[in-house]
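A short reminder: the numbers here are calculations on the coordinates, not readings from a lab. Since the structure is predicted, the reported quantities are computational estimates derived from the model, not experimental observations. With ideal geometry, Cβ positions are generated from the backbone for all residues, glycine too; neighbour counts draw on all protein chains shown.
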Amino acid sequence: AQSVTQPDIHITVSEGASLELRCNYSYGATPYLFWYVQSPGQGLQLLLKYFSGDTLVQGIKGFEAEFKRSQSSFNLRKPSVHWSDAAEYFCAVGAGYDYKLSFGAGTTVTVRA
Amino acid sequence: NAGVTQTPKFQVLKTGQSMTLQCAQDMNHNSMYWYRQDPGMGLRLIYYSASEGTTDKGEVPNGYNVSRLNKREFSLRLESAAPSQTSVYFCASRDNRDRITEAFFGQGTRLTVV
């Protein structure tokens, strides 16, 4: 069975600073990987996804993520955060014949002025 | 284009009461899912429906039942609510004709069982 680990429960970053959120997955074959963002009281919005090909993928809102098979990681990055990036971020892996999603526990990002 | 619509948005139940959470999608997706979100645990899959007419258990199905009413609608029923079912519930759908697609989520239903 697949699983996802997000080692950081909470990260605080200054506005304008860079951000990196870690995600490690466990799955025997090539996974399909996703990052979602959830603003307070809202549903989940897809930031980006990786299926195959180029290991550096670009998403919305200036986010990017890099797939590293050797490290079983799919870390999310943003060069310069904005106050509006304060939210909870979820990494997810899709696998199995029906590609059910398994989610990490999430990382809450706080942006300080 | 509404996407995935969940009703109600908020609900308070007494222990032992029953209720049904409704979900409808207008994207012609085959697969639909019910997740619950609890602090520090991410989203956990309760039930899913890979296509109309089929349903399967996820990670945490106990205490829940589902019905795939038609292609658009997938409901989640709590027969006898318990405080442990206090959570935020999300419905999602995806197009599995091309298996490699993302899921789209509703806005969630915040359920409190007292």
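With θ taken as phi - 60° and the Karplus curve 6.51 cos²θ - 1.76 cosθ + 1.60 applied, the whole-hertz 3J(HN,Hα) list for the stretch A:9-23 is 6, 9, 10, 10, 9, 7, 4, x, 7, 7, 9, 9, 10, 8, 8 Hz, x standing for glycine and proline.
Taking a point 7 Å out from the Cα of A:GLU20 in the direction of its Cβ, the residues of the stretch A:33-67 whose backbone N falls within less than 14 Å of it are A:64-67. When you restrict to C-alpha pairs under 8 Å that are six or more residues apart and normalise by the size of chain A, the relative contact order lands at 38 percent. Comparing chain B with the 2.2 N^0.38 Å rule of thumb, its C-alpha radius of gyration ratio is 1.00 (two decimals).
Taking only alpha carbon atoms, chain A gives an Rg to Rh ratio of 0.96, where Rh is the Kirkwood radius.
Each 5 Å bin, from zero up to the one with the longest distance, holds this percent of the alpha carbon pairs of the protein assembly as shown: 1, 7, 15, 18, 19, 16, 12, 7, 3, 1, 0. Between B:SER18 and B:ASN65, the distance separating the two model label sites (each 7 Å from Cα on the Cα→Cβ line) works out to 0.6 nm. In this simple spin-label approximation, B:MET41 and A:THR30 carry label points 7 Å from Cα along the Cα→Cβ vector, and these lie 3.4 nm apart. For the stretch B:37-114, the list of trypsin sites (Lys or Arg not before Pro) that fall in a loop by DSSP and count at most 15 other C-beta atoms within 10 angstrom reads B:ARG97, B:ARG99. Listed by chain and number, the aspartates and glutamates whose C-alpha is less than 20 Å from the C-alpha of A:LYS78, apart from same-chain residues fewer than 8 away, are A:ASP8, A:GLU15, A:GLU20, A:ASP54, A:GLU64, A:GLU66, A:GLU88. Only Cα sites of the stretch B:1-50 enter the Debye sum here, all with the same form factor; the resulting log10 I(q)/I(0) across q = 0.29 1/Å is -1.22, listed in q order. Full extension of the chain between A:LYS61 and A:THR108 yields a length gain of 15.2 nm, computed as 0.36 nm times the residue separation minus the alpha carbon distance. Counting only Cβ charges, +1 for Lys and Arg and -1 for Asp and Glu, the dipole size of the protein assembly as shown around its Cα centre is about 280 debye. Rounded to the nearest angstrom and listed largest first, the equivalent-ellipsoid semi-axes of the stretch A:1-52 from its Cα gyration tensor are 23, 14, 12. Label separation (A:ARG77 vs A:THR12): 2.5 nm, computed from points 7 Å beyond Cα along the C-beta direction.
The mean sequence separation of alpha-carbon pairs under 8 Å and at least six residues apart, normalised by the residue count of chain B, gives a relative contact order of 35 percent.
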